[in-house]
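The values are calculated or read from the model by the stated rules, or taken from the named source; none is laboratory data. Note that this is a predicted model, so its numbers are computed, not measured. Cβ placement follows ideal geometry from the backbone for every residue including glycine, while neighbour counts extend to all protein chains displayed. We work out accessible area using only protein heavy atoms, side chains counted, and drop any ligands, DNA or RNA first. Shrake-Rupley method; radii C 1.70, N 1.55, O 1.52, S 1.80 Å.
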Amino acid sequence: MKKVLLISIILFIIFMLSACSSDSVPEGTAPPMEPEGQEQAVDVAAAIGKGGCGACHVIPGIAGAAGAIGPDLSTISTVAEGYLKSGEYIGEAGQAEEFIYESLVNPDAFIPTECPGGHCQEGLMPANLGEVLSDGELEAITAYLAGLPESAAEIAQQPDAAAAAAAGEAPQLTETEWADATQIFFDRCAGCHGVLRKGATGPALTPDKTLEKGTIALSSIIYNGTPRGMPDWGKQGVLTEEQAGLMAKFVQNEPPQPPEMSLEQMMATWEVFVDPRDRPDEPQHERDWENFFAVTLRDAGQVAIIDGDTYEVVNLVNTGYAVHISRMSATGRYVYTIGRDGKLALIDLWMEVPDKVAEVQTCYDARSVEVSKYVGEEGDFSDRYAVVGCYWPPHFVIMDGETLEPFKIVSTRSYTYDTEEYHPEPRVASIVASHFKPEWIVNVKETGQVWLVDYVDPDNPSIKMIKAERFLHDGGWDSTKRYFLVAANQANTIAVIDALEGDLEALVDTPKTPHPGRGANWIDPEYGPVWSTSHLGEGSLIAIGTDPEENAEHAWKVVRDIPLLGGGSLFVKTHPNSQWIWADHVLSSDEAIQRTICVIAKENPTETHKCWEAADYGRAVHFEYNKQGTEVWVSIWGTADQPGKTGEMVIYDDATLEEIARIPDLVTPTGKFNVYNTVEDVY
Ligand code: DHE
């Protein structure tokens, strides 16, 4: 029984260490995903206190844990590995974490030799911790001890960080250290914790929370990750031990107030390379531009425009830092690409060689962009406006769709939907354009509000605020494009917005941490029209009924829960003509599973039909269909500085699942967006 529990705990720890971004996200990438429910949090210091461990052991980072009866636990992981290899070990553990766990629940399974007074005594360590502590507490202590940095013993000799914390003193940083730490925080941490560190996908990191943890515990967490989903930045080789220590000190200080951005500052970055009057009236090439793909080359800061018929890279366009996504104008002629630095690039697909015709920076940190798509009684808004959703400053910016001239900034700072508390950093997550009304659906993460923004008079936009759920992230339309389904991923909820009525239709409970991308619409043989998402926190692909008219009994209910190979899935995809639903496992901690993709047959949606590794390196991420719905493109997200393994695109025949082609040597390709499918919201 204990063994089964132990294995599940180890698997859980291994998975969660990777969940926020995962342990082998290629070097040079900004912090990817994501989370684990904050409700899972266990206060390690409290658990160690409850177990009374500090009375007998030295435990770095735990105030008062300076006992001299049992072994010093500063380097317990290394010591455990030594025992396991020594031949003297007689317990049942196979690796260091198991050894630590076994020592907690069955201390006499093996009596160590390392007690301060010599060989430890049988029966000295209380054998009741398995009863005194909950599974979660045992798991948290195991992970904490296993994760202590190698330098913990040395740091433990330094002046007591806990005492400094008790006195409310944050460690000092030099000016250079402060500048370095601020940049590292922006690159690696702000995506999950927020620039002001108020917490979102990751917990709050303000001094009232961090000072009591102290430098050692924080460095350990930063270096080794946590079972709650914090990436193991040190083990991944992204941060050195010194940098982890620097960040541990940094987060005990008040966060620096990042700058705001005015319209004047945006205008200073605005450039039009080809005036709209000088742009072609018709395509200047023979290619089927509606079957072009805009492919994010994340770490190259570029977007590749690839011909979906010939697989030729038509152009590589320089865009923003850590490029994120592209969306197309309503006519499809323009591509809008947003980088994490808030730089928006406009690409004209009708040019002889499609290229950038304008750019602007509307914030310092952004994730989303959308266009005006409505054509109807209230006017023709196709290609008229674009809107960028920012993480910092927390605002969205409306601009001219053909020139990118920004003209309206709307702050999203407001009050949380439930407790009505002021939030200084409510970030803009996904934005979609309604097909029914001249409106954008703007999802505000931290306040849990969905804003319906009417753009008929964008200088004076009217906004309806809908209460939904906190930490809204990504989502997509149902097949009728009336309902927008958006993941409140930290709340394990999908919020359904009725774009026609302009209200919240439903909140649907899901497995842990739904992450749909835009989701997948298909007809279930038993339940009718459904929309699917997979999950980061569990190996599960669900189907939610989306037809309140004809299949009311299944509407807004999870009607299927189909097992995947594990958690860490970010994207699913299908096409109305396809018999499959595709799913990835990008953020799995298992290297083979990271590049394994699966298909589920719509006619038998109870299990995966087939799973296979799409490459022998990197991660397989995100799917897109060609315009005809006959081929599926999958990115292999490699490492920018490893020639031959930087990444590629794999193309499959959707009917046979046979590989048709590879487009090699792309630099860290991730998202890709087919012009026709993006305009029409086909997924
Ligand atoms: Fe994304 C969509 C935010 C990390 C690839 N990502 C989105 C959206 C948001 C978001 C809000 C929805 C945009 C919309 O529809 O308007 N992404 C974030 C983050 O905050 C996060 C978690 C961490 C960060 O600091 O950036 C993050 N995202 C990633 C990645 O690491 C991914 C896997 C690789 C990459 O290129 O950055 C990644 N995100 C994507 C993709 C989409 C996306 C491909 C669009 C999916 C689609 O089919 O439309």
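Assorted remarks:
- Sorting Phe273, Phe185 on solvent-accessible area from highest to lowest, probe radius 1.4 Å, gives Phe273, Phe185.
- For the chain, relative contact order (Cα pairs under 8 Å, six or more residues apart, normalised by length) works out to 9 percent.
- The chain: DSSP helices with Cα axial extent of at least 18 Å and average Kyte-Doolittle hydropathy no lower than 0.0: 2-19
- Protection-proxy order for peptides 641-648, 447-454, 419-426, each taking the mean of Cβ atoms within 10 Å per residue, highest first: 447-454, 641-648, 419-426
- Long-range amide H partners of Asp503 with built H, under 5 Å: Asp498
- Student exercise, the chain dipole from Lys, Arg, Asp, Glu Cβ charges, in Debye to nearest 20: 680
- Linear extension gain, Glu352 paired with Ile523, 0.36 nm per residue minus alpha-carbon span: 57.5 nm
- Phi to ³J(HN,Hα) by Karplus 6.51 cos²θ - 1.76 cosθ + 1.60 over the stretch 388-404, Hz, x for Gly, Pro: 10, x, 10, 8, 9, x, x, 7, 10, 10, 9, 9, 5, x, 9, 10, 6
- Ordered by solvent-accessible area of protein heavy atoms (1.4 Å probe), largest first, the residues Asp665, Asp232 come out as Asp665, Asp232.
- When peptides 176-184, 390-398, 555-563, 624-632 are sorted by average Cβ neighbour count within 10 Å, with the highest value leading, the order is 390-398, 624-632, 555-563, 176-184.
- Potential lengthening between Lys235 and Asp309 on full extension [0.36 nm per residue; Cα-Cα distance subtracted]: 22.5 nm
- A full extension of the chain between Gln284 and Lys464 corresponds to an added length of 60.6 nm, given 0.36 nm per residue minus the alpha carbon distance.
- Selection from Val432, Thr493, Asn315 lying farthest towards where the dipole of the chain points positive, charges on Cβ: Thr493
- Taking the Cα centre of the stretch 167-214 as origin and assigning +1 to Lys and Arg Cβ atoms and -1 to Asp and Glu Cβ atoms, the resulting dipole is close to 300 debye.
- Measuring only protein heavy atoms, the 1.4 Å probe finds Cys120 accessible over about 10 Å².
- Placing unit charges on the Cβ atoms of the charged side chains and taking the dipole of the stretch 240-387 about its Cα centre, the candidate lying farthest along the positive direction among His324, Ala345, Trp289 is His324.
- Given charges at Cβ of Lys, Arg, Asp, Glu: the chain dipole, positive-most of His554, Gly168, Gly519: Gly168
- Packing-based ranking, highest mean first, of 545-554, 140-149 given that Cβ atoms within 10 Å are counted: 140-149, 545-554
- Surface exposure of the stretch 177-316, expressed per residue as accessible area with a 1.4 Å probe, stands at 42 Å².
- Check: the stretch 498-583 dipole with +1 on Lys, Arg Cβ and -1 on Asp, Glu Cβ, in debye: 600
- Rounded FRET efficiency, nearest 0.05, which uses the C-beta distance separating Glu260 from Ala204 and R0 of 22 Å: 0.50
- Taking amide H as placed 1.01 Å from N in the peptide plane, Gly671 has its amide H under 5 Å from the amide H of Thr296, each at least 5 places away in sequence or on another chain.
- Accessible surface of the stretch 246-304, 1.4 Å probe, proportion on carbon and sulfur as whole %: 45
- Nearest-0.05 FRET efficiency for Arg662 and Ser86, computed from C-beta distance (R0 51 Å): 0.60
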